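The values are calculated or read from the model by the stated rules, or taken from the named source; none is laboratory data. Here the structure is a predicted model, which is why all the values come from computation and not from measurement. Note: ideal-geometry Cβ built from the backbone for every residue, glycine included; neighbour counts use all protein chains shown. Ligands, DNA and RNA are excluded from the accessible area calculation, which covers all protein heavy atoms including side chains. Shrake-Rupley method; radii C 1.70, N 1.55, O 1.52, S 1.80 Å.
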Amino acid sequence: MWSIMKFFCEFTYNHHQRIKFPITNADGLRLFRLIAQLLIKYVNWIPPQVAPEEKDDQFKAYKFFFTALSRCLVGRYTNFGVFKLYNDTILVDLLKTGCTLLFNLDLEELERYPKVQDLVYSSLETMVSNHAAFFIQLEPNMFYQLLVILLRGLQTKSSKTIITHCANAIDKLFGHHLLNMIRGKESRASKEVALEAERMNALINHPPHRHKVSVMMLQLFDLVVNFEGVYWAVSKPLLPLILLSKNEFSFIQTLMIKSQAQVSEEKARALTDLFHQLTDGLETLVSEKMREKWTTNLTNFRINAKLFIDLNAFYKAVLQFSQE
């Protein structure tokens with residue numbers, strides 16, 4: 001079986017566009033359908049519960065699945081919109097299979113297999129980046145699991161790669177929703193865009209989800225201020241999160257300022273001023289110019305906050321709120 005799956009992973013790898021079909025040729029569709037059908041059957045072959053001595057083989061099976069999944073989703077064999085046009089559910093079925101396997105993983109066990117863990121989060125980023133609309137249609141309990149996994153990845157301080165994968169996925173998911181919100185206000189907006197924006201609003205405002213979004217935002221600020229090597233990645237998702245969740249952002253500001261007030265009022269006032277400067281000139285409309293302004297504002301926030309912020313008080317606030 002392992003030899004077959006190794007071949008399958010190589011087969012799905014469209015290196016240097018070696019798998020390429022004419023635009024009028026349906027072979028790309030057939031190829032993706034075949035790959036998706038095999039992957040779905042392969043997941044059904046993996047036993048959900050195994051003996052401790054068989055764990056290595058179980059996670060090896062996961063590694064092959066997520067490798068092939070990522071490669072077929074970015075292989076550019078076909079235009080995925082064709083499946084929706086002809087009411088073919090194979091793409092949705094594959095994404096559902098991937099999510100079901102992902103959401104049922106034991107995240108503590110996963111951390112014992114760093115290579116598989118990195119591959120899992122890489123696959124999650126690939127799925128969210130290319131098919132954000134699918135994740136907006138998830139049931140509330142599955143969407144909650146998505147937020148839990150993304151937050152767990154942000155808290156994995158041992159791997160900058162995993163943090164980057166999660167930050168990119170959050171940026172794509174909430175950036176997609178923000179774009180839908182902007183488009184929904186236009187007179188020519190499609191009904192589908194409006195319904196998608198309405199559903200995502202309902203998901204975000206669901207109390208358990210709202211709390212996770214708040215913790216996620218606080219964790220991103222923690223990474224911006226205190227963690228080196230991931231600043232550019234974690235700065236991107238903060239912008240759509242702040243624009244979409246203003247009440248949660250206001251709460252995070254208050255929480256961080258109170259943590260510094262316990263040390264000194266001077267630190268609290270300095271942090272208050274930095275937050276005012278951070279949000280200065282931000283608009284709901286996300287343009288390149290505004291993204292550049294956001295990057296400048298956040299860079300100034302990071303540089304100045306590192307000069308005076310009391311890390312012990314800050315980490316205490318982060319830990320207490322994360323465990324609520």
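A few notes on this one:
- Taking the protein heavy atoms of region 1-81 in the context of the full set of protein chains, the accessible area attributed to carbon and sulfur is 56 percent at 1.4 Å.
- Applying a DSSP loop filter and a limit of 11 other Cβ atoms within 10 Å to the GluC sites (Glu not before Pro) in region 196-229 leaves GLU228.
- Full-extension gain in nm, ASN130 to LEU179, via 0.36 nm per residue minus C-alpha separation: 16.2 nm
- Region 99-139-region 68-96 distance, computed between alpha-carbon centres (Å): 17 Å
- Cβ charges +1 (Lys, Arg) and -1 (Asp, Glu), total dipole of region 1-160, debye: 600 debye
- Only helical runs count toward this figure. For the chain, summing -39,500 (n - 2.57) over DSSP H runs of n ≥ 4 and dividing by all residues gives -24500 deg cm²/dmol at 222 nm.
- Dipole of the chain, positive direction: furthest Cα of LEU282, VAL318, PRO114, with charges on the beta-carbon: LEU282
- Nearest-10 value in Å² for the accessible area of THR299, using the 1.4 Å probe: 50 Å²
- Accessible-area rank, largest first, for ILE4, ILE309, ILE40: ILE4, ILE40, ILE309, with all protein chains present and a 1.4 angstrom probe.
- Modelled FRET efficiency - R0 22 Å, ASP88 with GLU192, Cβ distances, 0.05 increments: 0.80
- Relative contact order, whole percent, for the chain stands at 13, derived from Cα pairs under 8 Å and 6 or more residues apart.
- A probe of 1.4 angstrom, applied to the heavy atoms of all protein chains, finds HIS206 with accessible area near 80 square angstrom.
- Rg ratio for region 153-192: its Cα radius of gyration over 2.2 N^0.38 Å, N being its residue count, equals 1.69.
- Dipole check for region 70-205: with +1 at the C-beta of Lys and Arg, -1 at the C-beta of Asp and Glu, and the Cα centre as origin, the magnitude is about 380 Debye.
- Computed extension gain for ASP106 through PHE251, at 0.36 nm per residue and net of the alpha carbon distance, reaches 49.1 nm.
- Within the chain, longest stretch free of exposed trypsin sites (Lys or Arg not before Pro) [DSSP loop, at most 15 other beta carbons within 10 Å]: 189-324
- The amide H of PHE80, built 1.01 Å from its N in the peptide plane, has no neighbour under 5 Å, considering only residues 5 or more places off or on other chains.
- Pairs beyond 27 Å (Cα-Cα), from LYS20/LYS289; LYS84/LYS115; LYS20/LYS191; LYS63/LYS172; LYS84/LYS293: LYS20/LYS289; LYS84/LYS115; LYS20/LYS191; LYS84/LYS293
- Per residue, the convex hull around the alpha carbon atoms of region 180-307 comes to 113 Å³.
- Net charge contributed by nearby residues that have their C-beta within less than 15 Å of GLU54 (K/R +1, D/E -1): -1
- Over the chain: Kirkwood hydrodynamic radius from C-alpha pairwise inverse distances, Å: 21.5 Å
- Accessible carbon and sulfur surface of region 168-210 relative to its total accessible area, %, 1.4 Å: 52 percent
- Using a Förster distance of 25 Å, the FRET efficiency for ILE19-TRP232 (Cβ separation, nearest 0.05): 0.20
- Accessible solvent surface per residue of the chain, calculated while the other protein chains remain in place, 1.4 angstrom probe, Å²: 52 Å²
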